[in-house]
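Undergrad: I'd like to ask you about the structure that follows.
The values are calculated or read from the model by the stated rules, or taken from the named source; none is laboratory data. Quantities reported herein were computed from a predicted structural model and do not represent experimental measurements. Counting neighbours? That spans all protein chains shown, and the Cβs are built from the backbone with ideal geometry, glycine included. We work out accessible area using only protein heavy atoms, side chains counted, and drop any ligands, DNA or RNA first. Shrake-Rupley method; radii C 1.70, N 1.55, O 1.52, S 1.80 Å.
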Amino acid sequence: MSGWLNGVVKSISSGDRLCIVGKVRSGPPPEKEIVLSGVSAPRLGTFDGSRPSEPFAQDAREYMRRLLIGKPVIFKIDYAIPNSNRESATVYLDQRTNVAVAAIGAGWAKHRPPPAGKETQVPALADMAAAEEKAKADCLGMWTKDQAAIAAAVRQPEQKEDPKELLSYAGGAGGRVTCLAEGIVNASCIRVSVERNGATKTVLVYAAGVQCPKLGKPAQGGEAGGQDNGAAATEPYAREAKHFTEMNVLQRTCELVLAGTDKFGNLYAQITTKPEGSDASGGSAAAIAAAGHAQSSSVNLAEALLAQGLAKVVDWSASMLPAAVSAKLRATERAAKEQRLRMWTGWTPPTSSTAHLETNDTKYVGTVVEVVSGDTIVVLPPGKNAQERRISLSSLRAPRVGNARAGRQGEPYSAASKDFLRKTVIGKKVSVEVDYVRALPEGPTGPATSLTMATVSLPDKSSGEQHNVAVMLLVRGLATVQRHRADDERSSQYEDLQAAEAKAIQGKKGVHSGKDEPVGREPNDASQNANKAKQMLPHLQRGGRMRAVVEAVLSSNRLKLTIPAQSTVLAFSLNGVRAPAPARRGGGGDAPRDAEPYGDEALRSVRHRVLQREVDVEVVTCDKSGAFLGSMYIGNDPSRMEDLSVMLVRDGLARVMRRDAPPELKDAESAAKSSKLRIWESYVEPTEEELAAAAAGGGSQNGAGNSAGGAGARPDTRETFDAMVTEIEERGAFWAQRASNQATIERIQGALKEAGASAAPPASRFAVGTMVMCQFSSDKQWYRASVESAAKDGSSYDVFYVDFGNRESVTADRMRPLTPDLLSTPPLAQHFQLAYVRVPSYNADGGSEAVELLGEVLFQGMCSFRVEETEKGEGKGPRLSATIHKVTVYPKSDAGEASSSSSSSSSAPVSAQAALLQAGVALLHPRGSRPGPHRDEAVRSLKGHEDEARKAHRGIFRYGDPGSDDEL
């Protein structure tokens, strides 16, 4: 057929006007607007109503739309219409159906003879005339005699629809609306007409979840044919994308699944074309039947654009869609990228940030040991030597927690988010699937680092399903979803996160509620205030066993607790046990230090057992720093909770420091020693001689100074023993070594001599409280010591010699780490104080003379001690018991026997107390001891020495009676 062209009908302007596009290999094809030869159809009015539609114009257009839209046709230009740019043509559908004859025969157009002289150029004029006569006879289309149809033939001008009203009319997000695509603004935005309440309304609708290349605005002086000088402002493939939408959506019946509106009021929806013939709206049944053609398949605009590489997924509108729909869009986009289609021609897949990780590092099951914030946890993978891993939840942002040191307050709901996560996952096994690793550059807050971002799932024991922890936070409004750039790595369940966030927004929960976070009662913090802690002690003691939450593990020996019922924050230490100290990095004014043997393991054990867990505590007392001492019980079953102290001692990670410790602690330590666990790995059982000496020194004896008593007198059970005084302090206090421990002292000193000769200087600083061996300045020998303080630069330390009771400052080169076998023996110097007397402080009147005289009396050799009373006092040295023995001391004669009372004289007193009283450098102090027959007898025997000094005006009496002994 000479002169005939092929094309596809793109749009229908009216019942006799078409737009036909040709075919090209690439880019938008050429278009041609034509008028059907020999036909005249009713004209449609303008959208603004300036020109009304002619009767039956809408029906005529609808018939042609259903007959031709998107169909291949052949056509021939018959002639050009004078005084216009339009051309008249004959069009055939399927090479058989003359479109003009079909329209006239259906009654939707009239036969109009061509201009004079053009009759021979238009075929089938006779068929047109015959078809018109038949349509009139059959009363088809515009020839109907039905008055109701005639009255409805004129359509009212279309009105603009309010997007929010349409959304409400459809029932909100997810509501469905049937419409007609009247125009294409750009590839992802169409103008549709909607029949609602008997009126036709138009509204702009955007395809949710996608964004297409943008068309630039034509520059001034643009060329004809759609080409313009503003091409540089048009993004690549923008015209192709718009043409694709025109060819697949324009003037099709569509179903909108509404998604919502943005902040500008624009309406977003899933746009899907419906097969023609499935909906009877617009045109009579006869017209539809006469058309005889229906579109056989539907097209989802967003999916189709993505599949052709003409659009990309955008998170901000994809978040409006159901998770399954959003996931399908992403999968379609990913397929187009892999095929390098159109806008993805030069796309290079980003390198996975997890490519360097081993398989068992990207997917594993571990135990949550700490919750850092509402979106960050610490997980311990399985394995004996496994290291803790810090994990951030993928594509999630929880409210930022506060930082008291930095002076930063927490964001609203930060505490609720962290507490919910703590209650949900702490101590539980979770599945970790690493999605990506995010690199963080160096900044003011610290050096460059990286964050491991993962999907963390908690198994449901009853159903076996895995619950995404991030979804649990989002659905409660305790976090928000992070928005990513197009090629950013993200959570493998990103759509589920968006759906959960949408539920929280709809329900106005948490951070989406628009309300401030409820503020509870401010806790009473006694963790750093010793005075406040002492005031609270009686209240907590009366509370008995209380529920608490371990907020922080400051060290293996010190915890920070919150007692919710009391609204109290406090520092807590286990009573009667001590674990080895862990290493410390230093910073914040603290010097770095090496860990004591098994110190780091002890810290890990405590962290993994109690950090952020709910525990039971029972407060016994409070130390001078304000830390409460007591017992802690852990376990999920209240009837089967275990004592943490017993667990640590049993595992060889702590030692018992109380002589009056309960049997379970002693049994646990004995078992650990027998098995040589951890700190006891070098433990040596004491010899029989050492055990016998210890038993002799610890028992009750009838030695010097015991009352003889008469017949039927009550036996004297006061403990007596021999000891060597090693250090004298002010106020009548001193340190001594029991004679029964001499063999142990000699063994330790021998081991220290060997160790000191071979030990290397320390590689790092020593921490306060660390047990070391020090070279004493006087004799250059090595002794056991405890670090009491350190210089900031670590060049010198103040140490306490635990076997002798004296102190000195030493340089770091005179210190060595203490070996485990030397750590196992408790300190051998014991703290004593003279009973029944009050001695002035060193700087007070008579204080220095008292220290000097006491040295002359007690440093003569072995002395006999009688314990009058034992009480808890301030310990001298971190590793020593706070027990102080108040004693009466008798210096021994050369023969080794204590002087008797019958041989006493003014020049040779029998006891240290008598010597001080007689010299006038002490006062009787009976009220400082418990009442009883022994105290009364001692006071009577010592009273004469004090009276003698007062009469002779010695010492503090030289100016008369000093008055109350409280002034000393």
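Undergrad: Mind checking the full-extension length gain between His608 and Gln95? Use 0.36 nm per residue of separation minus the Cα-Cα distance, one decimal, nm.
TA: 176.5 nm
Undergrad: Sorted by packing (mean other beta-carbon atoms within 10 Å per residue), highest first, where do 951-959, 253-261, 364-372 land?
TA: Going by the mean number of other Cβ atoms within 10 Å, highest first, we get 253-261, 364-372, 951-959.
Undergrad: Oh, and also: In what sequence, highest mean first, do 473-485, 350-362, 427-439, 454-466 appear when ranked by Cβ atoms within 10 angstrom?
TA: Going by the mean number of other Cβ atoms within 10 Å, highest first, we get 473-485, 427-439, 454-466, 350-362.
Undergrad: Per the helix-only calculation at 222 nm, which mean residue ellipticity applies to the chain, given -39500 (n - 2.57) for every DSSP H run of n ≥ 4 and division by its residues, nearest 500 deg cm²/dmol?
TA: That calculation yields -7500 deg cm²/dmol at 222 nm.
Undergrad: Shifting gears a bit: Rounding to the nearest 20 debye, state how big the charge dipole of the chain is about its Cα centre with +1 on each Lys and Arg Cβ and -1 on each Asp and Glu Cβ.
TA: For the chain, the charge dipole is close to 2960 debye.
Undergrad: Under 1.5 on a/c is rounded, so check that first for the stretch 333-421, then, if it is not, pick prolate when a/b is larger than b/c and oblate when it is not; a ≥ b ≥ c are the square roots of the alpha carbon gyration tensor eigenvalues.
TA: It is oblate, given that a/c is not under 1.5 and a/b is not larger than b/c.
Undergrad: Return one whole number: the accessible area per residue of the stretch 5-153 in Å², for a 1.4 Å probe.
TA: It amounts to 47 Å² per residue over the stretch 5-153.
Undergrad: Name the residue farthest towards the positive end of the dipole of the stretch 785-838 from the options Tyr836, Leu822, Ala790, assuming +1 on Cβ of Lys and Arg, -1 on Cβ of Asp and Glu, about the Cα centre.
TA: Highest projection toward the positive end goes to Tyr836.
Undergrad: Please name which of Thr348, Val177, Asn6 has its Cα lying farthest along the dipole of the chain towards the positive end, using unit charges on Cβ (Lys, Arg +1; Asp, Glu -1) and the Cα centre as origin.
TA: The Cα lying farthest towards the positive end belongs to Asn6.
Undergrad: Okay, next question. Would you please put 509-516, 913-920, 844-851 in order of how densely packed they are, using the mean number of other Cβ atoms within 10 angstrom per residue and starting with the highest?
TA: So the peptides 509-516, 913-920, 844-851, ranked by packing, come out 913-920, 844-851, 509-516.
Undergrad: Right, next: Any idea how far apart Lys214 and Ser764 come out in nm if each label point goes 7 Å out from Cα toward Cβ?
TA: Reported label-point gap for Lys214 and Ser764 is 5.6 nm.
Undergrad: Quick check: at a probe of 1.4 Å, how many percent of the accessible area of the chain sits on carbon and sulfur atoms?
TA: 49 percent
Undergrad: Sticking with this one: Going toward the positive end of the dipole of the chain, with +1 on Lys and Arg Cβ and -1 on Asp and Glu Cβ, which of Asn186, Pro123, Val91 do you reach last?
TA: Pro123
Undergrad: Would you tally the net charge around Phe75, using a Cβ to Cβ cut-off of less than 15 Å, leaving Phe75 out, and scoring K and R as +1, D and E as -1?
TA: +2
Undergrad: Let me ask you something else. In whole Hz, with x marking every Gly and Pro, tabulate ³J(HN,Hα) for the stretch 161-178 from phi via Karplus 6.51 cos²θ - 1.76 cosθ + 1.60, θ = phi - 60°.
TA: Once rounded to whole Hz, the list reads 8, 7, x, 5, 5, 5, 4, 5, 4, 7, x, x, 4, x, x, 10, 9, 8.
Undergrad: Could you size up the charge dipole of the stretch 319-386 around its Cα centre, putting +1 on the beta carbon of Lys and Arg and -1 on that of Asp and Glu, and report it in debye to the nearest 20?
TA: 440 debye
Undergrad: Hey, another quick one. Could you sort out which of Lys110/Lys136; Lys164/Lys217; Lys429/Lys676 sit more than 21 Å apart by Cα distance in this structure?
TA: Listed pairs above 21 Å: Lys164/Lys217; Lys429/Lys676.
Undergrad: Along the Cα-to-Cβ line of Arg176, 7 Å from the Cα, sits a label point; which residues in the stretch 311-349 have backbone N less than 19 Å from it?
TA: Answer for this model: 321-326.
Undergrad: Need one number: nm distance between label points at Arg196 and Asp821, each 7 Å from Cα along Cα→Cβ, rounded to one decimal.
TA: 9.1 nm
Undergrad: Shifting gears a bit: Tell me, what is the per residue accessible area of the stretch 733-827 in Å², probe radius 1.4 Å?
TA: Per-residue accessible area for the stretch 733-827 comes out at 41 Å².
Undergrad: Relative to the present Cα-Cα distance, how much length would full extension add between Arg438 and Asn83 at 0.36 nm per residue of separation?
TA: The Arg438-Asn83 span can extend by a further 121.1 nm.
Undergrad: Using a Förster distance of 30 Å, how high is the FRET efficiency between Asp947 and Glu871, based on the Cβ-Cβ distance and rounded to 0.05?
TA: Approximately 0.60, to the nearest 0.05.
Undergrad: With each label point set 7 Å from Cα along the Cα-Cβ vector, what nm distance links Leu204 and Asp487?
TA: Label-label distance for Leu204 and Asp487, simple model: 3.1 nm.
Undergrad: Only one of the values (i) 47.5; (ii) 53.2; (iii) 60.6 was calculated from this structure for mean projected area of the Cα convex hull in nm²; name its label.
TA: Matching the structure shown: (iii).
Undergrad: About the Cα centre of the stretch 5-153, what is the dipole size in debye to 20, counting +1 per Lys and Arg Cβ and -1 per Asp and Glu Cβ, all else neutral?
TA: Using Cβ point charges on Lys, Arg, Asp and Glu, the stretch 5-153 gives about 380 debye.
Undergrad: Grab the beta carbon distance between Ala530 and Glu688, set R0 = 60 Å, and tell me the FRET efficiency rounded to 0.05.
TA: For Ala530 and Glu688, the calculated efficiency is 0.85.
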